[in-house]
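The values are calculated or read from the model by the stated rules, or taken from the named source; none is laboratory data. None of these values were measured; they are calculated from a predicted model. Here Cβ is always computed from backbone atoms with ideal geometry, including for glycine, and neighbour counts include all displayed protein chains.
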Ligand SMILES: C[S@@+](CC[C@H](N)C(=O)[O-])C[C@H]1O[C@@H](n2cnc3c(N)ncnc32)[C@H](O)[C@@H]1O
């Protein structure tokens, strides 16, 4: 027996209003459109796990000082966490190509009085406007899956960090075993787009989120890319049953 689910006509209209693809312009529009609710929805939809994931990713930089490049910095939470964990010996440059996201980051940095240690810049991860060997480490949280030319983005990161520098990627992945493997896809593909769509008023953006993870589901796929781009000592660590993973590597000398 099949059960017909009633969907109001306005909901379908709303759903058709915007669709997003992995094209850079489309991705930029997506983040421009959801910047106002991005932080709130991030914390809500991840049940505040996103804060813990960033904390764990930044801990990978333990003992590292100097200039740290935070690519796809968005509303700046990663940049703030980097300073929070070892503020007095670090400076961060946060780069993103969405102006509304960077504006949000700027407001947060100003509010915390951290303008002295966090610089924000508009720019494209595929064409980093920095000289070779400029940074002491680099991070990217939830950015790489949005970039089609992942190899180019990674080789740009490798180019601008100094030899021996650490590169840390934090990304959504799919749980591979246990109850999480069974139930997480239901949450991620059905419930999350609905809640995200209602609150942000951009259903397309939250339909895109599970789509974007489907192409690169496993940390090992990121590991392979990182090795190809000239990083050594590459390894990954699963968080929250594999919902997110940290993948890190060291630029070879
Ligand atoms: C999901 S958000 C992550 C933001 C932040 N790192 C965090 O942890 O919340 C992804 C960000 O990547 C940025 N982005 C995507 N493609 C980019 C590109 N080619 N160059 C620069 N930023 C990009 C988007 O504008 C967006 O702010």
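Filter region 60-83 for residues that are farther than 16 Å from residue 170 by Cα and at pLDDT 95 or above and give the result.
66, 67, 83
Going by what's in this entry, would residue 245 be described as crowded, with 21+ Cβ neighbours inside 10 Å, within 16 Å of the ligand (Cβ to nearest atom), touching a residue at least 60 places away in the same chain (Cβ under 8 Å) and closer than 24 Å to residue 21 by Cα?
yes
Please state which of the following conditions residue 124 fails to meet, knowing it meets all the rest: (1) in contact with a helix residue (DSSP H, G or I) (Cβ under 7 Å, 6 or more places away or on another chain); (2) farther than 26 Å from residue 45 by Cα; (3) surrounded by 14 or more Cβ atoms within 10 Å (Cβ to Cβ).
Result: residue 124 fails condition (1) only.
Among residues belonging to region 125-156 that are more than 16 Å from the chain's Cα centre (by Cα) and within 23 Å of residue 55 (Cα to Cα), point out the one that is farthest from the ligand (Cβ to nearest atom).
Among them, the one singled out is 136.
Quick check on region 51-73. Is at least one of its residues assigned to a loop (DSSP other than H, G, I, E, B), within 12 Å of the ligand (Cβ to nearest atom) and buried (at least 20 other Cβ atoms within 10 Å of the Cβ)?
Scanning region 51-73 turns up at least one residue that is assigned to a loop (DSSP other than H, G, I, E, B), within 12 Å of the ligand (Cβ to nearest atom) and buried (at least 20 other Cβ atoms within 10 Å of the Cβ).
Would you tally the residues in region 30-45 being farther than 17 Å from residue 76 by Cβ and either outside any helix (DSSP H, G or I) or touching a strand residue (DSSP E or B) at 6+ places or on another chain (Cβ under 8 Å) (or both)?
Residues in region 30-45 being farther than 17 Å from residue 76 by Cβ and either outside any helix (DSSP H, G or I) or touching a strand residue (DSSP E or B) at 6+ places or on another chain (Cβ under 8 Å) (or both): 0 in total.
If a residue counts only when it is at pLDDT below 85, which helices (runs of 4 or more DSSP H) contained entirely in region 115-205 have at least 2 such residues?
178-186, 192-200
Can you tell me which residue is surrounded by the fewest Cβ atoms within 10 Å (Cβ to Cβ) among those in region 74-102 that are in a strand (DSSP E or B) and near the ligand (Cβ under 9 Å from one of its atoms)?
Of everything passing the filter in region 74-102, 95 is surrounded by the fewest Cβ atoms within 10 Å (Cβ to Cβ).
Search region 162-190 for residues that are touching a residue at least 24 places away in the same chain (Cβ under 8 Å) and more than 20 Å from residue 219 (Cβ to Cβ) and pair each with any residue that is within 16 Å of the ligand (Cβ to nearest atom) and outside any helix (DSSP H, G or I) when their beta-carbon atoms are under 8 Å apart and the residues are at least 6 apart or on different chains.
162/135; 165/135; 165/137; 165/138
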